[in-house]
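Participant: Take a look at this one; I'll ask things after.
Values quoted throughout were computed directly from the atomic coordinates according to the rules given, and no laboratory measurement underlies them. Note that the coordinates shown come from a computational prediction; the quantities given were computed from them, not determined experimentally. Cβ: placed from backbone, ideal geometry, glycine included. Neighbour counts: every protein chain shown.
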């Protein structure tokens, strides 16, 4: 069975999916929509499909089985609901929205239609993440510490709070989601964020350039997640999990396991973009959704945590996460 695929958004992350889907025999990208017509046309030329600048026209004109939504947080403007109403399966890139209200509306449409949904939290598909889950199975976790420490992405919408939601919502969401995946749901946050540099140097800049967020998990674990985008270099992206007799440190493709008198580092090679795409296409073809590690409903919970952190910054108070 061939799975005919449409794309809403043909930018950087879409290209990661193009490369993955090109390796999956059942996947057949056929329609491509982007506000930048040249990007849509380039994708259409690659796969032999049709380019659009209006997603509504694409859905009306094309017979597709699945839609990939690869747009910025503020650009979720109805495509998911329209696709779900047509019975079109959905792969949505993170974060799934700019507001919880919008994400909940999309979630309701997906639930009503019963279509397959998957969200691009590709850290869940890393071999290192699966190894960390294996190592932590049955352990009493005490606390976690996470980081997304690097520079500022170059796209203009990212530095506008109303469009991206800021670094914790748009980028550090991967670490929040990884913590949820390895530990449990996060139920409360207390956040401090401020600007130390970039608001004075970058035009039209309204997000924070440093932040630290204390988190409380449903199972009693506590932790802290830090981020910055003011560095002029890359540094650390990962999550450390502390138990009484084991510390598990994840950092991109590696896992470091520290036990009394012993340290083992696992270097694990994998292509998480390929794995998440394979799981999504497999679910459509066979009906077996067990390989999907992040459904839309689960991804909404991660969005809720990051938005609660933004609220905490504004109120100066701890905020319960609304699920």
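Participant: Contour minus end-to-end for residue 295 and residue 247, with contour as 0.36 nm per residue of separation and end-to-end as the Cα-Cα distance?
Facilitator: Details: separation 48, 0.36 × 48 = 17.28 nm, distance 2.85 nm.
Between residue 295 and residue 247, full extension yields an extra 14.4 nm.
Participant: Measure nothing fancy, just the Cα-based angle from helix 272-286's long axis to the longest principal axis of the chain, in degrees from 0 to 90, nearest 10.
Facilitator: So the inclination is approximately 50 degrees.
Participant: Measure off 7 Å from each Cα along the Cα-to-Cβ vector at residue 285 and residue 1, then give the distance between these two points in nanometres to one decimal.
Facilitator: 1.0
Participant: Among 21, 268, 182, which comes first, then next, by fewest other beta-carbon atoms within 10 Å?
Facilitator: Working: 21 25, 268 15, 182 21.
Ranked by crowding around the Cβ, least crowded first: 268, 182, 21.
Participant: Still on this model: Say R0 is 41 Å: what FRET efficiency, to the nearest 0.05, do residue 156 and residue 112 get from their beta-carbon distance? Could the numbers behind the result be given before it?
Facilitator: Numbers: r = 35 Å, r/R0 = 0.86.
That gives a FRET efficiency of 0.70.
Participant: Could you give the angle, 0 to 90 degrees to the nearest 10, between helix 100-113's Cα long axis and the longest principal axis of the Cα atoms of the chain?
Facilitator: The answer is roughly 50 degrees.
Participant: For the chain, what is the calculated [θ] at 222 nm in deg cm²/dmol (nearest 500), taking -39500 (n - 2.57) for each run of four or more DSSP H residues and dividing by its residue count?
Facilitator: Helix-only estimate at 222 nm: -10500 deg cm²/dmol.
Participant: How high is the FRET efficiency from residue 200 to residue 254, r the C-beta distance, R0 56 Å, rounded to 0.05? It would help to have the intermediate numbers written out before the result.
Facilitator: Values: r = 36 Å, r/R0 = 0.64.
Working from the Cβ atoms, E equals 0.95.
Participant: For mean projected area of the Cα convex hull in nm², which listed value, (i) 18.9; (ii) 15.6; (iii) 16.7, comes from the coordinates shown?
Facilitator: (iii)
Participant: If one takes the longest principal axis of the Cα atoms in the chain, at what angle in degrees, from 0 to 90 and to the nearest 10, does the Cα axis of helix 173-182 lie?
Facilitator: 70
Participant: While we're here: Calculate, in nm to one decimal, what residue 19 and residue 77 gain on full extension: separation in residues at 0.36 nm each, minus their alpha carbon distance. If you can, show how the numbers build up before the last one.
Facilitator: Working: separation 58, 0.36 × 58 = 20.88 nm, distance 2.60 nm.
Extra length available between residue 19 and residue 77 comes to 18.3 nm.
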